[in-house]
Amino acid sequence: MPQYAILRFAKQKGGAGALEAHHERTKEKYASNPDIDTQRSKYNFHIVQPTKSYLQETNSRIEAAGCKTRKDSIRFVDTLITASPAFFKGKKRDEIRAFFQVAVDFLSHKIGKDNIFAATVHLDERTPHMHLCFTPITEDGRLTAKEIIGNRVQLTKWQDDFFAHMVKRFPDLERGESASETGRRHIPTRIFKQAANLSRQAARIQAEIAAISPLNAGKKKMEIVALLDRFFPRMEGLETQLRKYKREIGLLEQQVNTSKPSVKEQLDAGKLQQEIRFLRQFYADTPDEYKTAYRVSQQKQLPNEQR
């Protein structure tokens, strides 16, 4: 199977609280990310250990460099580095560490070692991966992610340079494709995880509805409405994301149907299709009395002038 080297950037404008909690595993549970096995979180490690909070790390670097900022400035970049699951199969912890160390060396040379304030390797999810965060500060003290990361042409060069660096040490690797080359944005992993999490919630609510009897109807209805109070807003959020990535999801499904995709692509696309159908059917089949009760509960939470 292909063994791709993978490098992706995500620009961040501000509050890094939720991102930091995920990267640094500061919570005991991660309901929004069921792939995290907290029993294995003890095996995670840092290549670069942050000494302060992410917000403090970025602020101190920006202030020290004397950078001019705006409200919409990109304050740091979250870089995902990983490889195809087949690459990590059978590799020991030291071998995995070596892979990510070589990747950090690449980024240190490209964007400046002092700009990197965190590089955390996760071994408690399905595929080992690293989140490397850096402030996009140039040598002459300007905060500009646009100049450092660049446009589509520069992103393609990033992929070329990253592959050229990594393949020297790991000759089995193949070059990954950037979104600029495939013609579509990367579908965030969170969409797949949100769909899977919501499917489990929906299945639980279905079971609660099926368990209603004349003896427990009143209590059960209150419990179901409480579950729907949490489910429906999250479902609406997922639908917003699905609309945003409608073209990309369609291309993924088309690729699975018309070409020879990897096993992972087949599983991802098929599972996402199945979960979206299940969730929409669940909403359609939810009895009107529960939908009405949910809308009433939402109205009660609004200020009087908005009702």
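Note down the net charge around K52, summing +1 for each Lys or Arg and -1 for each Asp or Glu among other residues with Cβ under 12 Å from its Cβ.
Values: positive: R61; negative: E20, E24, E57.
That works out to -2.
Please give the net charge around C67, taking every other residue with its beta carbon less than 15 angstrom from that of C67, where Lys and Arg add +1 and Asp and Glu add -1. Please list the in-between numbers first.
Numbers: positive: K13, R61, K68, R70, K71, R75, R142, K146; negative: E57, E63, D72, D114, E139, D140, E147.
So the surrounding residues net to +1.
Tell me, what is the Rg over Rh of region 41-131, with Rh the Kirkwood radius over Cα pairs? If you can, show how the numbers build up before the last one.
Numbers: Rg = 15.0 Å, Rh = 14.6 Å.
Here Rg/Rh amounts to 1.03.
Residue by residue through region 81-97, which ³J(HN,Hα) values in whole Hz follow from phi under the Karplus form 6.51 cos²θ - 1.76 cosθ + 1.60 (θ = phi - 60°), with glycine and proline marked x?
10, 7, 8, 4, x, 4, 5, 7, 4, x, 7, 7, 4, 5, 5, 5, 4
List the extent of the Cα atoms of region 1-160 along each of their three principal axes, largest first, rounded to whole Å.
Cα extents, longest axis first: 46, 37, 25 Å.
Counting only other residues whose beta carbon sits under 12 Å from that of T144, what net charge do I get with K and R as +1, D and E as -1?
On the way: positive: K11, K68, R70, R75, R142, K146; negative: E139, D140, E147.
Residues close to T144 contribute a combined charge of +3.
What is the order of F163, F117, fewest Cβ neighbours within 10 Å to most? Working shown, then result.
On the way: F163 17, F117 21.
Result, fewest neighbours first: F163, F117.
Among the lysines, which fall within straight-line cross-link reach of K146, defined as a Cα-Cα distance under 19 Å, with same-chain neighbours fewer than 8 residues apart omitted?
Within reach: K11, K13, K68, K71, K110, K113, K157.
Sort D72, D172, D124 so the one with the fewest other Cβ atoms within 10 Å of its own Cβ comes first.
D72, D172, D124
Full-extension gain between Q12 and Q101, please, as 0.36 nm times their residue separation minus the C-alpha to C-alpha distance.
29.7 nm
A short reminder: the numbers here are calculations on the coordinates, not readings from a lab. None of these values were measured; they are calculated from a predicted model. Don't worry about glycine lacking a Cβ; one is built from the backbone with ideal geometry, like all the others, and counts go over all protein chains shown.
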